[in-house]
Structures are given as C-alpha cells and as structure tokens.
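Taking it in order: structure first as structure tokens, then the write-up.
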Amino acid sequence: MKKIGVAIIGSGGIAKAHVKGFLALGHLCEIRALCDSYPSKAETLAQTYDLSGSVATFKDYHELLARDDIHLVSLCLPPSL
C-alpha cells in the first residue's frame, strides 16, 4: 500500500499535535515536508521529532506544492492567516 505524502505548513504550537497525529498513523502516511516563513522553526520541528533525515524543509510554500509526492497538506497557521 502506497503511503499518503504529508506536508505541514507552519511550525508553531499546533504543528506539534499534527506531527504527533501523523506519526501515529505512520502505517498510512509519511511526513515528507515542513514549511515555515522562518526556516529555522521548521528545522527545529523536524529535529524535535527525529524527522531531519527524511523531511525536506521549505521557506516558500510554492516550492513545497510543486512536489509530486505531497498528497495532503496540513495548515498549521495562526487563525488570522
């Protein structure tokens, strides 16, 4: 069975809950990309959950959306955005 490729846009507080949820569903999906306007935040999130070797990080969401292995995007942005 092919896994669903997941990207998370935004690395703030709620992103941690999304990461934990997707990791719990690892038999169905795989986090493949993280994006934040502050790249260091995305990198820190990847390191926190030991995703650094398997996850690409982006500053610009357009680059992330250009990938053909992303099937689901989780938006973890402030409500004002």
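The values are calculated or read from the model by the stated rules, or taken from the named source; none is laboratory data. Here the structure is a predicted model, which means the values were calculated and not measured. Reconstructed Cβ throughout: ideal geometry from the backbone, glycine too, with neighbour counts over all protein chains shown. When the accessible area is computed, the model is the full protein with side chains, heavy atoms only, and any ligands, DNA or RNA have been set aside. Shrake-Rupley method; radii C 1.70, N 1.55, O 1.52, S 1.80 Å.
What the table shows:
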quantity	calculated
Residues being under 8 Å from the mean Cα position of the chain (by Cα) and among the charged types (D, E, K, R) - total across segment 10-49	1
Residue satisfying condition, being assigned to a helix (DSSP H, G or I), surrounded by 13 or more Cβ atoms within 10 Å (Cβ to Cβ) and among the aliphatic types (A, V, I, L, M), within set A33, A7, A15	A15
Selection from segment 38-66 of residues that are open to solvent by less than 70 Å² (accessible area, probe 1.4 Å) and assigned to a loop (DSSP other than H, G, I, E, B)	Y49, L51, S52, V55, D60
Pair list, Cβ < 7 Å and 6+ apart or interchain, from segment 14-36 residues that are of a type in the set (V, I, T) to residues that are in a helix (DSSP H, G or I) and open to solvent by 20 Å² or more (accessible area, probe 1.4 Å)	I31/F22
